[in-house]
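J.: The structure follows.
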Amino acid sequence: MTARAVMFVLALASLLPLLRLLAGGLWEPWELHRAEAARAVAGGEVPVWSVPEIEGEGERPPLATWVTALGFRAGGPDVGNGKLAVAAFLLLCVVAALWVLRPLLDLARMLGAFAVFFALPLVFFQGASAGGDGVAFGAYALAFAGLVRLLGVSSVARAAGRADLAVGAAATVVGLVLSYFALGAVLGVALPVGASAFASALGGGLRRPQEPQQRDEAAWVRFAARWAAVLAALALFVWFVAAGVAHRPVEETERFTLALGGTKTLLPLDTFDFLLSRLAYVLFPWCAFVPLALAWAMRSGGAAEEDDGATAGGVPPVALARHAAVHLFLGYALVAYWHWRFHSSPMVFAFPLAVLLSEYLAHVLGEGRGLRFAGVVTAILVVLVLRDSFAFQKDFLQIIGFPKPGDMVTETPAFPMAMTAATALFLLIVLFTHLVPAAEAGKDEGGVFGWYRQQREALREAARGLRRGPAQARLAAAAAFAPWVAGALVWAVVVGTAFVARYTDFSNWTVSHLGFQALVAVGVLPFGVGLADVGWRAVRRFIAGASGTLRGGLTLAGGVLVALTVGLAVAPALDAQFSLEPAARAAAREGDLTGRLQLLQVEAAATRYYPSLAGGKLVTDIPAAATWLAEAPPGQPRYLVFPSRNQVLNEVNQKFRDVRGGELLPVISDPEGRYLLGVSELAPGEENRSPLARVVLLQRPTPRYPILEGNFDNKVRYLGYDLSSYPDGTVAALQNVTITHYWECLGKINGDYQVFVHVDGMGDRINGDHDPAEGVYPTRYWRPGDFIVDRQKLRIPFFARPSREPTAYQMYVGLFRGESRLPLSEGEGNDNRLYGGVLRVR
């Protein structure tokens with residue numbers, strides 16, 4: 001009962017990211033274009049049975065468009081109606097698929113598969129997307145469940161009942177029809193039929209039943225159905241080879257047809273490492289388990305277990321796992337080759353993957369055999385994927401399931417540390433549940449710290465020998481103690497020297513902050529080993545005594561935690577990057593804006609789905625729109641929605657300031673959004689949320705480290721800087737510091753300059769070249785009277801070390817463009833570099 005309750009809670013928790021995304025906007029361009037195709041179907045503008053043409057994507061299978069159109073027809077062309085229709089279809093198909101598989105899965109495993117499925121970011125991103133691939137995932141799940149129920153139960157192990165045949169056949173027919181219209185013939189029909197037929201053949205299902213037909217009619221019907229599936233798969237394979245592979249199209253890329261099921265890739269195949277990385281991204285965080293679960297499902301002992309063992313329902317679990325593994329393997333092979341017209345087809349095997357992982361977690365963790373190597377492999381894969389998520393963030397955006405999303409973002413979204421923390425916790429759970437075998441009666445706990453415990457016992461024996469043993473034994477005991485005494489003396493000398501050099505003037509030695517931290521770590525190492533030993537033994541004792549269900553539940557909870565982090569922390573930032581939602585939400589708070597709202601460079605299609613923007617006038621001319629906004633009468637505010645792209649933002653702001661005498665353009669929407677909502681005047685007490693308001697001041701600032709003279713060509717004056725340092729003003733090696741520079745614009749600057757920061761001293765130069773004002777306010781837009789706040793992240797390198805000479809590290813600043821620097825006309829410095837003071841390293 002407890003296991004079921006835990007699984008039920010995890011299954012409900014896995015739905016939270018989907019619910020969060022349902023409240024978001026239409027992501028541009030993909031979701032908006034798909035929604036437009038659905039709206040055209042709902043409004044009768046195009047024939048319902050036509051293959052929809054999606055702008056930027058070409059033809060796509062029509063089922064997702066039909067489902068979205070149904071949502072628009074039922075509730076109107078609102079953002080949420082199309083999303084809700086897709087999410088409801090996906091949820092209904094998955095629940096129906098699990099119901100079809102109920103003789104093969106107990107309730108805990110069904111809930112586990114449900115949680116794994118909806119904890120895939122690919123699933124909840126596409127499941128809450130108008131016209132999204134969530135429809136394809138749901139349709140394929142139902143087809144998979146029907147085929148497994150119809151073909152997957154071994155007639156040797158169990159006499160299949162008529163109910164199983166009826167339910168399996170009905171689910172198969174409905175699932176294949178939906179899958180055909182959701183994926184096309186190759187992925188929607190040939191793949192599930194062929195994979196199930198192959199999995200049945202692997203399990204010996206093509207052998208004739210041993211019982212006569214009169215005594216076991218259902219087994220003979222199932223036997224005939226398996227052979228029919230094999231023959232159908234072969235026929236489909238021959239047809240697609242003839243029609244899709246042997247045929248050479250005249251055009252570079254064929255037209256999409258449902259009968260063919262897509263368009264074959266005419267270019268060379270992608271490299272294996274690219275395909276593997278794509279699989280890892282779209283199946284994160286469960287990707288690390290895929291090779292392990294596949295190896296478990298296809299292990300050589302599976303056939304024997306099918307004949308000898310069975311679950312409570314009489315069906316061996318390995319049969320279901322084998323079917324899921326074959327669907328996963330063949331699905332990946334087809335997805336890697338078979339493309340829709342302009343982009344890769346979706347990862348249709350998401351539901352078989354969820355079923356496979358649920359079975360893996362339930363059985364293998366309970367058995368506790370051969371898991372140490374598996375745990376290490378899983379940990380390595382998780383670490384590699386997490387590394388790529390930070391090193392190649394735009395590539396990692398493939399988790400959302402849209403084609404080439406990295407090309408659409410204006411700024412690379414920063415993945416929060418919460419995602420790192422959640423994945424690290426998931427990694428620890430995986431390591432403990434895999435590395436710690438199940439407890440055995442009378443077996444010593446052992447552990448990675450066993451050597452230290454052995455040494456402790458040896459020293460105890462040596463101490464007894466020193467007290468009571470003969471002279472020869474005392475010499476041996478002293479020899480046993482000698483290395484430890486010598487090590488303790490060395491430890492005391494090293495740690496003591498570090499403290500003396502750091503906190504006294506006893507000697508001329510200096511020790512860097514990094515070196516001091518390393519020496520302190522050496523000092524606490526003996527105590528840390530002891531604490532780690534105690535913690536290891538406690539956790540190990542708990543894990544070793546845990547049941548297989550609890551181990552699987554812990555691992556599942558770790559994966560759901562990662563999914564919640566992605567869905568509730570990363571997804572909102574992506575929603576702001578890709579949609580009009582933040583600007584529309586801000587406009588809704590302002591009430592009726594009819595006649596007072598203009599939409600600059602906004603797609604006309606997008607306004608249909610946001611009631612707060614429906615009355616806005618579409619415009620394309622930047623100067624005219626900014627002038628109209630700036631000339632609003634006092635007390636009668638006007639509003640302008642415009643793209644947040646750097647150039648558009650600055651052009652609108654410049655024209656607005658020309659009319660308003662230098663006043664910054666006020667913005668009242670999320671500054672990180674794809675679109676911003678500007679207003680002619682702010683309400684009393686309202687904050688200007690413009691990205692420029694963070695970097696442009698109209699009052700002179702007071703830097704912590706002011707510079708008296710720093711004039712560059714009578715165009716820019718350097719006022720000084722702030723430094724995020726220790727309270728005494730020092731910085732440390734390997735520390736990330738923030739230097740906030742303050743500039744004053746004196747005259748018009750022609751062109752875009754960059755800021756350089758040179759820290760010269762001991763070791764190599766520390767370089768800090770960067771775009772000024774966080775890259776949002778280029779120098780060509782600077783106006784006389786502006787005070788620019790220029791924040792810069794600078795990492796102090798490892799070779800920086802303290803010195804008793806206060807000027808050991810000198811900082812110089814300046815501006816450059818290409819190979820030339822802006823001339824320094826006033827101030828201390830050299831080579832058109834202004835001396836900015838010193839950095840003191842601790």
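The values are calculated or read from the model by the stated rules, or taken from the named source; none is laboratory data. In this text the structure is predicted, and so the values were computed from the model without any measurement. Using ideal geometry, Cβ is built from the backbone for each residue, glycine included, and neighbour counts are taken over all protein chains shown.
J.: Within segment 763-772, can one find any residue that is at pLDDT below 95, surrounded by fewer than 16 Cβ atoms within 10 Å (Cβ to Cβ) and farther than 22 Å from PRO823 by Cα? It would help to see each step written out before you state the result.
T.: First, pick out the residues of segment 763-772 that are at pLDDT below 95: 763-772.
Next, from what is left, pick out any that are surrounded by fewer than 16 Cβ atoms within 10 Å (Cβ to Cβ): 763-765, 767, 769.
If we keep only those that are farther than 22 Å from PRO823 by Cα as well, we get 763-764.
Among the residues of segment 763-772, at least one is at pLDDT below 95, surrounded by fewer than 16 Cβ atoms within 10 Å (Cβ to Cβ) and farther than 22 Å from PRO823 by Cα, which makes the answer yes.
J.: With the checklist (1) touching a strand residue (DSSP E or B) at 6+ places or on another chain (Cβ under 9 Å); (2) of a type outside the set (Val, Ile, Thr); (3) in contact (Cβ under 8 Å) with a residue 60 or more places away in the chain in hand, flag the one item PRO52 doesn't pass.
T.: Result: PRO52 passes all but (3).
J.: Filter segment 181-192 down to the residues that are within 12 Å of PRO62 (Cβ to Cβ), modelled with pLDDT of 85 or more and buried (at least 23 other Cβ atoms within 10 Å of the Cβ) and list them by number.
T.: Quick first cut of segment 181-192, residues within 12 Å of PRO62 (Cβ to Cβ) only: 181-184, 188.
Filter once more, keeping what is modelled with pLDDT of 85 or more: 181-183, 188.
The answer is ALA182, LEU183, GLY188.
J.: Which fully enclosed strands (runs of 3 or more DSSP E) of segment 614-706 have 2 or more residues being without any contact (Cβ under 8 Å) to a residue 40 or more places away in the chain and either buried (at least 17 other Cβ atoms within 10 Å of the Cβ) or touching a strand residue (DSSP E or B) at 6+ places or on another chain (Cβ under 6 Å) (or both)? First the steps, then the outcome.
T.: Working: elements: 617-619, 639-643, 675-679.
Those strands (runs of 3 or more DSSP E) span 617-619.
J.: Restricting attention to segment 790-810, does a residue exist that is in a loop (DSSP other than H, G, I, E, B) and under 16 Å from TYR718 (Cβ atoms)? Working first, answer last.
T.: Going residue by residue through segment 790-810, those that are in a loop (DSSP other than H, G, I, E, B) are 796-809.
Subsequent filtering for residues that are under 16 Å from TYR718 (Cβ atoms) retains none.
No, segment 790-810 contains no residue that is in a loop (DSSP other than H, G, I, E, B) and under 16 Å from TYR718 (Cβ atoms).
J.: Another question, if that's okay. Can we say ALA336 is part of a helix (DSSP H, G or I) and at pLDDT 70 or above? Even if it seems obvious, please write down each step before you answer.
T.: Numbers: part of a helix (DSSP H, G or I): yes; at pLDDT 70 or above: yes.
Yes, satisfied.
J.: Right, something else. Name the one entry in THR627, THR594 that is more than 30 Å from LYS83 (Cβ to Cβ) and of a type in the set (Ser, Thr, Tyr).
T.: Numbers: THR594 fails: more than 30 Å from LYS83 (Cβ to Cβ).
Within the list THR627, THR594, the selection yields THR627.
J.: Of the residues that sit in segment 773-789 and are in a loop (DSSP other than H, G, I, E, B) and of a type outside the set (A, V, I, L, M, F, W, C), which one is surrounded by the most Cβ atoms within 10 Å (Cβ to Cβ)? First the steps, then the outcome.
T.: Start the filter on segment 773-789 by keeping residues that are in a loop (DSSP other than H, G, I, E, B), which leaves 776-778, 782-786.
From the residues that got through so far, the ones that are of a type outside the set (A, V, I, L, M, F, W, C) too are 777-778, 783-786.
Values: TYR777: 24, PRO778: 18, ARG783: 14, PRO784: 12, GLY785: 11, ASP786: 22.
Of everything passing the filter in segment 773-789, TYR777 is surrounded by the most Cβ atoms within 10 Å (Cβ to Cβ).
J.: Being over 27 Å from GLY24 (Cα atoms) and crowded, with 19+ Cβ neighbours inside 10 Å narrows it down to one of LEU98, LEU107, LEU70, LEU90, so name that one. Explain how you work it out, then say what you get.
T.: Numbers: LEU107 fails: crowded, with 19+ Cβ neighbours inside 10 Å; LEU70 fails: over 27 Å from GLY24 (Cα atoms); LEU90 fails: over 27 Å from GLY24 (Cα atoms).
Matching residue, one of LEU98, LEU107, LEU70, LEU90: LEU98.
J.: Could you please find all residues in segment 727-762 being more than 34 Å from the chain's Cα centre (by Cα) and either closer than 26 Å to PHE516 by Cβ or of a type in the set (D, E, K, R) (or both)?
T.: PRO727, ASP728, GLY729, THR730, GLU744, LYS748, ASP752, VAL759, ASP760, GLY761, MET762
J.: Are any residues in segment 742-784 in contact with a Cys (Cβ under 9 Å, 6 or more places away or on another chain) and farther than 19 Å from ILE707 by Cβ, and if so, which ones? Outline the logic, then answer.
T.: Residues of segment 742-784 in contact with a Cys (Cβ under 9 Å, 6 or more places away or on another chain): 779, 782-784.
Of everything in segment 742-784, those that are in contact with a Cys (Cβ under 9 Å, 6 or more places away or on another chain) and farther than 19 Å from ILE707 by Cβ turn out to be ARG783, PRO784.
J.: State whether the residues of segment 43-64 include one that is modelled with pLDDT of 90 or more and not aliphatic (A, V, I, L, M). Before the answer, list the steps.
T.: Taking segment 43-64 first, the residues modelled with pLDDT of 90 or more are 63-64.
With not aliphatic (A, V, I, L, M) added as a condition, the list becomes none.
No, the conditions are met nowhere in segment 43-64.
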